[in-house]
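Undergrad: Here it is, the structure, as structure tokens.
What follows draws every value from the coordinates through simple rules; no lab data is involved. All values derive from a computational prediction rather than experimental measurement. As a convention, Cβ positions derive from the backbone with ideal geometry for all residues, glycine included, and neighbour counts pool all protein chains shown.
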């Protein structure tokens, strides 16, 4: 059986907890062998000392001081703050904000398809409405007729 | 949805899990909110105190987190995370932001700072060995300190703590192992220093 290293022992403690009874049997067996060595015993003692100090530090002496007053403060929160109900009776600004928030939906497959259909619909309706209008020659205007005083202007370069 | 505003229903709500209670809170149920406060308020205060070392500030930050819970409970998605994981993230991130903000003021130019640090013997005599560990924890890199706080002071399992820190389990265990190694080295160094002082 391959001897356990300090790093492996430490990782096993972190991963499986301090109680070796909870460790996988093969790892636990290697760990027991490791602990019979001088290096293993010294390391385990340092680990136990660290665990004990961490446990001691975990229980702050003044943990309950002011606890009731603090809980009362927390219980007062609903009276002091209004809930933000999204999608509820929102104002105009909130509605605009909501639209902006949903902007990314425009680029989803359904969003892209919907946009395509909307563009096609607007195009078809526009063409259809345009075709319904009779061609009115009176209202048409040739803008180029005002640009040149006579047709001779076209031939200036040739002179 | 059953509203938990009446007293009898509030008593029943004690049996509900956190995630269900949050859905009640999203529907403006103060009874459900009160149950969450009683169930978790002091635990998060202790967590924030551990991270900040200042009880008044810890209370303010945890209160902010509970305000967020009340006002934006509808943002919680039980399919993505447990309530405690979500709330731990809010409190831990808020504490880290606060710690980053609190950078020490620079000393005035030409100020000759007096060395007020106690020697190892004084530390051991006046404050006890726990102070050495407390200093060692506070000197850890930020992520290692959070890992130690979550695992050893807040009592989270490795899986829960890894979720709070948004890490894979193996990465979290490796982080915790490095933190422990640093703490052990600090304690060992302190012990050797004391022995040297005592001759």
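Undergrad: Calculate the mean, over all residues of peptide B:173-184, of how many other protein chain Cβ atoms lie within 10 angstrom of the residue's Cβ.
TA: 4
Undergrad: Which distance in nm do the two modelled labels at residue A:49 and residue B:60 give, with both placed 7 Å along the Cα-to-Cβ direction?
TA: Roughly 4.0 nm, to one decimal.
Undergrad: Give me the inter-chain shielding for A:66-76: mean count of other chain Cβ atoms within 10 Å, whole number please.
TA: Details: counts 4, 4, 1, 1, 9, 6, 1, 7, 18, 7, 1.
Average neighbour count from other chains, rounded to a whole number: 5.
Undergrad: Listing B:175, A:48 from the residue with the fewest other Cβ atoms within 10 Å to the one with the most, what is the order?
TA: Details: B:175 22, A:48 11.
Starting with the residue having the fewest Cβ neighbours, the order is A:48, B:175.
Undergrad: To continue, here is another question. Quick one: which of A:50-56, A:17-23 comes out on top by average Cβ neighbours within 10 Å, and what's the full order, highest first?
TA: Going from most to least packed, we get A:50-56, A:17-23.
Undergrad: In peptide B:35-42, what is the residue-averaged number of other protein chain Cβ atoms found within 10 Å of each Cβ?
TA: 3
Undergrad: By per-residue mean of other Cβ atoms within 10 Å, what is the highest-first order of A:41-47, B:183-189? It would help to have the intermediate numbers written out before the result.
TA: Details: A:41-47: 14.0, B:183-189: 16.1.
Peptide ranking by packing, descending: B:183-189, A:41-47.
Undergrad: Oh, and also: Calculate the spin-label point distance for residue A:18 paired with residue B:79, positioning each point 7 Å from the Cα along the beta-carbon direction, and give it in nanometres.
TA: Each label point lies 7 Å from its Cα, and together they span 4.1 nm.
Undergrad: Can you give me the C-alpha center-to-center distance between the stretch A:33-62 and the stretch A:66-80, rounded to a whole angstrom?
TA: With the stretch A:33-62 and the stretch A:66-80 each reduced to a Cα centre, they are spaced 39 Å.
Undergrad: Provide the FRET efficiency to the nearest 0.05 for the residue A:29-residue B:134 pair, computing r from the beta carbons and using R0 = 35 Å.
TA: On the way: r = 37 Å, r/R0 = 1.05.
Rounded to the nearest 0.05, the efficiency is 0.40.
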